[in-house]
Protein chains: 4
Amino acid sequence: MAKSKFEYVRYFEQESKCLKNCWIVVRIDGKNFHRFTEAHEFEKPNDTNGLNLMTNAAVNVLREFSDINFAFGHSDEFSFVFKKKSNIFNRRSDKILSLVNSIFSSSYVFFWNKYFPNKELMYAPAFDARIVLYPTDQNLRDYLSWRQADVHVNNLYNTCFWALVLKMGLSPVEAEEKLRGTLSRDKNELLYQNFNINYNNEPEMFRKGTTLVRKCISWEGSAKHKPVILPLYCDIIKDDFWKSHPEILDQSETPLIDKLNLTHYFVCEQKNFKM
Amino acid sequence: MAKSKFEYVRYFEQESKCLKNCWIVVRIDGKNFHRFTEAHEFEKPNDTNGLNLMTNAAVNVLREFSDINFAFGHSDEFSFVFKKKSNIFNRRSDKILSLVNSIFSSSYVFFWNKYFPNKELMYAPAFDARIVLYPTDQNLRDYLSWRQADVHVNNLYNTCFWALVLKMGLSPVEAEEKLRGTLSRDKNELLYQNFNINYNNEPEMFRKGTTLVRKCISWEGSAKHKPVILPLYCDIIKDDFWKSHPEILDQSETPLIDKLNLTHYFVCEQKNFKM
Amino acid sequence: MAKSKFEYVRYFEQESKCLKNCWIVVRIDGKNFHRFTEAHEFEKPNDTNGLNLMTNAAVNVLREFSDINFAFGHSDEFSFVFKKKSNIFNRRSDKILSLVNSIFSSSYVFFWNKYFPNKELMYAPAFDARIVLYPTDQNLRDYLSWRQADVHVNNLYNTCFWALVLKMGLSPVEAEEKLRGTLSRDKNELLYQNFNINYNNEPEMFRKGTTLVRKCISWEGSAKHKPVILPLYCDIIKDDFWKSHPEILDQSETPLIDKLNLTHYFVCEQKNFKM
Amino acid sequence: MAKSKFEYVRYFEQESKCLKNCWIVVRIDGKNFHRFTEAHEFEKPNDTNGLNLMTNAAVNVLREFSDINFAFGHSDEFSFVFKKKSNIFNRRSDKILSLVNSIFSSSYVFFWNKYFPNKELMYAPAFDARIVLYPTDQNLRDYLSWRQADVHVNNLYNTCFWALVLKMGLSPVEAEEKLRGTLSRDKNELLYQNFNINYNNEPEMFRKGTTLVRKCISWEGSAKHKPVILPLYCDIIKDDFWKSHPEILDQSETPLIDKLNLTHYFVCEQKNFKM
């Protein structure tokens, strides 16, 4: 049983590294979540608990990787952005990809009861992941704009679709037909005329997705500052966001902010432990 | 918010495919499981429940991917073997890697209570994953032999180490020193002389690791055969195993076996659902 | 001008290695050779000197790389096969790819005058190259069969096309139209009826392409055997060839053959030097 | 001889693409040029004809690829820079790598007689090539600075070494020993004291390497401007060069310059043809 005789098989491993000085984006995506959300009777078009569970799983990823200073998610997907200068795992792509995805996946199950205390998880969900490199800040911002524009398009459609099905009693096929070829303004009008819904008053979490950023806050009775992760629901396409949070693109130090403004945040230190 | 303006970012994605006609092996590995097993007070040197939990998570991976016809694991690692002729996800390596690892990770948490009903899971564990290609059956067998030889080397050492620490009261440092430079036969002798342990009588699950194979069985009151996954604890280095299970290397049909011989098996159909 | 300040740029280099235990095939292809053969007034459909020049350039590649034990070419392409067990340049694909292609390209120009003593080379030709891995002997043989089947299809077509144009006076467009949709037997018939050409009597070099193999011969007045490279013009699709030259797939020692049978061969030792 | 039966082998080809929006650098390197320059009795430490031949081969590469807007070379190496926005061959790395290297290699042989009319080329030289991506202008400039700093270090050493060997009669081993551990200023002093050589007065081509840039000039009796390639021998580390040639990093249009200032240039249009 000499181990050495077989060890040559190690040299079949191949290593792929992320090009240096590029933003590394890992995007995870729910596999067959249509079935998963049906099996677990998620609210339509958006299940707030389900979205918050996604966010908490994503927060766990940020707790593990201090080199991720930004994340954005909606529906059953989340994108994690590693700093350009990160040297995590020597930038080995399989390590980065698999660990981000593993922590997200196990955390999703781990936190299930926190968000669905009365609903049993029926089976273990799965997420796929891909890794994409962006050489410039503009490329990265365009990527994130692409994802947020996607939220808008999808959520407006879904809000109409489920209103037609749940409130007007149309069949899914009928709802689909009614919406075919409609423009944004048609959908806005449809919501307003039929359901008295002003789309712009819908919750920002639904319309804008969830953005995670890192900040530091001062801590009760302590001189030390503590890093926290903030979920934000805001526009990340326009310049305003990036001017307000320059540390993301600058890769500079996590800024200290005033705790008084915070309504909701996640503490970093309690890495992985139940809150 | 024109989505199209940003969509160019899609073309930064790069696709890597597994070379055709090669065995695809995905090996997952617990991240920092030393800490995890301490935090959850796993029995030393082997925690049967912990190993069975690993096995059940691995079974879930086989339920999801019918192209995996063999898996082998021990301690906090598991190797999954996709058929050479598999065309799963068009052999895209990131898809294969991330989904195998995701299902394993979420299943580990999902099945925790089944194996540790009285122990709370304190945090979500993480696994990394890598993908390795083997062009020939011999290369694949040598890979698996390498992993099983590793079980032997590690388990013999750990059995000695923990006997010295738990039964003889040595400190970890003392135990380590005592074992430094010893050969297999020295360790066997040490176990026998000091602890009356005949290493060869230790449970096979500890000494051989866990092998998962697919078989079909006939089902009560049904003409249809049902696929099952069998955990085996046996030598996979010598030819015997491969002669007894020729369908693995042949990539031929899953064979029908007699249910009477089975003490333990996992049903495939109830994909992902709690048993 | 401190060199060290800039040296970080080295770490942007990425290394890709050919999977072990696979046949490495490098195929080179003339770039825009339609224009090149016109500019140099090559004979149609086949220019014997042009083909022999290709062969000699390929021979130079085999002189450089003793790990290539087989090559096959026709028209403006050549495929070079490295042994599965080769560890040349640690199997780095860019090194292998670029050097094979470079030697071929420079040798093509270098040997031009030998084959076209009365024709000036008007410009430097270019070849692209790709690298393909084949895990099994069958895959490799199928690759080579694919290339030789291609010779047959192309050469039969070209023989008809140029007979129609050069001997019957059709315009290229007319010739193309006449051949559209014809089967092999139609083309054979056309050649026989109109031009009294029995296609099977056409030179084997045109119909079968050029195969390069390595052998050893004994040398005048010397006990030492010398390695030589033989150009062959024969079927490599059927088993016969591979049974006659078992050392290729076996990767065994270069066999000694009787020099008396040889009409044409290239000596290996005079590496790169003019003959 | 059905071609289709074998065509599955095409799907073993794997495609690797250069990440978008990055500078693509292809660096070619003479293989075993120590032997080549000895066999062809190149002048030491620098052979002007040999360097000009390298330059002309590089010019041929720029004639072929209009997306290369900058090249830098010295000794037996040359680096070619493709525009970040280039979409040549859909950015497939094997195509880019092999064609740049092939044209360079065949051109080197093609132009040999132009630079060495009285010296026979004894064998076909070979060059290897690698491809490196740089995400930012600064990374690219640092890469080029690294190469030019290398020229300085190597040329100062070689100037000393060959002066000691050729003019002072030291053996190569003695010359090496004398230079071991010396700093730049020691070498400058050595040249001045012993050989009355002021290193800064040595030809710029030797001290700075050769830079190739694209410009347009107006043409006699024609309203049309013609693109030309200029060889320059100047510092490319400091900002001055990049301010004088902003089109390189800007990827903007090739500028029109006054022909009167030009002492030496290569016309682009006569692509590949002998001059």
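The values are calculated or read from the model by the stated rules, or taken from the named source; none is laboratory data. Please read these numbers as outputs of a predicted model, since none were measured by experiment. Methodologically, a virtual Cβ is constructed for each residue, glycine included, from the backbone with ideal geometry; neighbour enumeration extends over all protein chains shown. Accessible surface areas use protein heavy atoms only, side chains included; no ligands, DNA or RNA. Shrake-Rupley method; radii C 1.70, N 1.55, O 1.52, S 1.80 Å.
Listed values, structure above:
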| read-out | value |
| --- | --- |
| Identity of the residue in the stretch C:37-58, open to solvent by less than 10 Å² (accessible area, probe 1.4 Å) and out of contact with any Ser or Thr (no Cβ under 8 Å at 6 or more places or on another chain), that ends up farthest from residue C:105 (Cα to Cα) | C:40 |
| Selection from the stretch D:8-36 of residues that are open to solvent by less than 30 Å² (accessible area, probe 1.4 Å), free of Cβ contacts under 8 Å to residues at least 24 places away in the same chain and more than 8 Å from every other protein chain (Cβ to nearest Cβ) | none |
| Candidates C:47, C:94, C:76 - the one that is modelled with pLDDT of 95 or more and away from chain D (no Cβ under 14 Å) | C:47 |
| The stretch B:158-190, subset polar (S, T, N, Q) and within 14 Å of another protein chain (Cβ to nearest Cβ), residue nearest to residue B:48 (Cα to Cα) | B:188 |
| Output for the stretch B:243-258, where each listed residue is part of a helix (DSSP H, G or I) and either open to solvent by less than 60 Å² (accessible area, probe 1.4 Å) or within 14 Å of another protein chain (Cβ to nearest Cβ) (or both) | B:247, B:248, B:249 |
| The stretch C:189-210, residues that are aliphatic (A, V, I, L, M) and either out of contact with any strand residue (DSSP E or B) (no Cβ under 9 Å at 6 or more places or on another chain) or open to solvent by 40 Å² or more (accessible area, probe 1.4 Å) (or both) | C:190, C:191, C:197 |
| Selected residue (only one of D:139, D:155 is open to solvent by less than 30 Å² (accessible area, probe 1.4 Å) and within 7 Å of chain C (Cβ to nearest Cβ)) | D:139 |
| Any pair with Cβ under 6 angstrom, 6 or more apart, that starts in the stretch C:63-92 at a residue that is closer than 19 Å to residue C:227 by Cα and ends at one that is among the polar types (S, T, N, Q) and outside any strand (DSSP E or B) | C:67/C:86; C:83/C:251 |
| Single condition residue D:87 does not satisfy, out of (1) within 20 Å of residue C:10 (Cα to Cα); (2) among the polar types (S, T, N, Q); (3) open to solvent by 10 Å² or more (accessible area, probe 1.4 Å); (4) more than 8 Å from every other protein chain (Cβ to nearest Cβ) | (1) |
| Residue within the stretch D:112-119 that is closer than 30 Å to residue C:60 by Cα and in contact with a His (Cβ under 9 Å, 6 or more places away or on another chain) present | yes |
| Odd one out for residue B:102, checked against (1) free of Cβ contacts under 8 Å to residues at least 40 places away in the same chain; (2) in contact with a Phe, Trp or Tyr (Cβ under 9 Å, 6 or more places away or on another chain); (3) open to solvent by 20 Å² or more (accessible area, probe 1.4 Å); (4) of a type in the set (S, T, N, Q) | (3) |
| Any chance residue B:67 is surrounded by fewer than 22 Cβ atoms within 10 Å (Cβ to Cβ), closer than 22 Å to residue A:100 by Cβ and more than 9 Å from every other protein chain (Cβ to nearest Cβ) | no |
| Criterion violated by residue A:128 - all others in (1) assigned to a helix (DSSP H, G or I); (2) within 16 Å of the chain's Cα centre (by Cα) satisfied | (1) |
| Count - residues of the stretch B:115-130 that are under 28 Å from residue A:11 (Cα atoms) and more than 7 Å from chain A (Cβ to nearest Cβ) | 0 |
| Residue match in the stretch C:223-242 (condition: modelled with pLDDT under 90 and loosely packed, with under 12 Cβ neighbours inside 10 Å) | yes |
| Matching entry among C:213, C:165 (being in a helix (DSSP H, G or I), open to solvent by less than 70 Å² (accessible area, probe 1.4 Å), among the β-branched types (Val, Ile, Thr) and modelled with pLDDT of 95 or more) | C:165 |
